[in-house]
Amino acid sequence: MQATARATEQAHPIGLYLVVWAWLFVLSACSYLVDYLHLQGGLRWSLILLFMIVKAGLIVAVFMHLAWERVALIYVILIPPAALLIFIAVMAIEADYTLATRLAQQAIGR
């Protein structure tokens, strides 16, 4: 029984993990570089979030073995956070519009 279980286990090359660790190190260095260069505003937060999402994607895909799972499982894990990000973006756009409308009404003396 144990012999068949060992035969069906999937082994990944250690080189893959080393490459992912190297990319995680480079992406972390880039995140720290954003602060070191004193970037401000939307550019800073966009870069930090981009590096964070890419690092999370690498970790989920390789270390949690999601890259080798069935497509249905990938959809179950990845689509809800993607939908949340889309909803948050829509709410942020709507909030900016509401604020701009209120400021414009104040400016005309209403």
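The values are calculated or read from the model by the stated rules, or taken from the named source; none is laboratory data. This one's a predicted model, so the numbers in the text were calculated from it and none came from an experiment. All Cβ positions, even for glycine, are placed from backbone atoms using ideal geometry, and neighbour counts span all protein chains on display. What goes into the accessible areas is simple: the full protein's heavy atoms, side chains included, and nothing from ligands, DNA or RNA. Shrake-Rupley method; radii C 1.70, N 1.55, O 1.52, S 1.80 Å.
Just a few scattered comments:
- Test: residue in region 59-75 that is touching a Cys at 6+ places or on another chain (Cβ under 7 Å) and free of Cβ contacts under 8 Å to residues at least 40 places away in the same chain: no
- In region 89-110, residue nearest to Ala61 (Cα to Cα) [restricted to those that are open to solvent by 100 Å² or more (accessible area, probe 1.4 Å) and in a helix (DSSP H, G or I)]: Met91
- Residues of region 49-81 that are part of a loop (DSSP other than H, G, I, E, B) and of a type in the set (A, V, I, L, M): Met64 alone.
- Residues of region 34-48 that turn out to be part of a helix (DSSP H, G or I), of a type outside the set (Phe, Trp, Tyr) and exposed (fewer than 12 other Cβ atoms within 10 Å of the Cβ), as a count: 4
- Test: His12 is loosely packed, with under 10 Cβ neighbours inside 10 Å and part of a loop (DSSP other than H, G, I, E, B): no
- Qualifying residue in region 48-56 (condition: farther than 26 Å from Tyr17 by Cα, of a type outside the set (Val, Ile, Thr) and modelled with pLDDT of 90 or more): no
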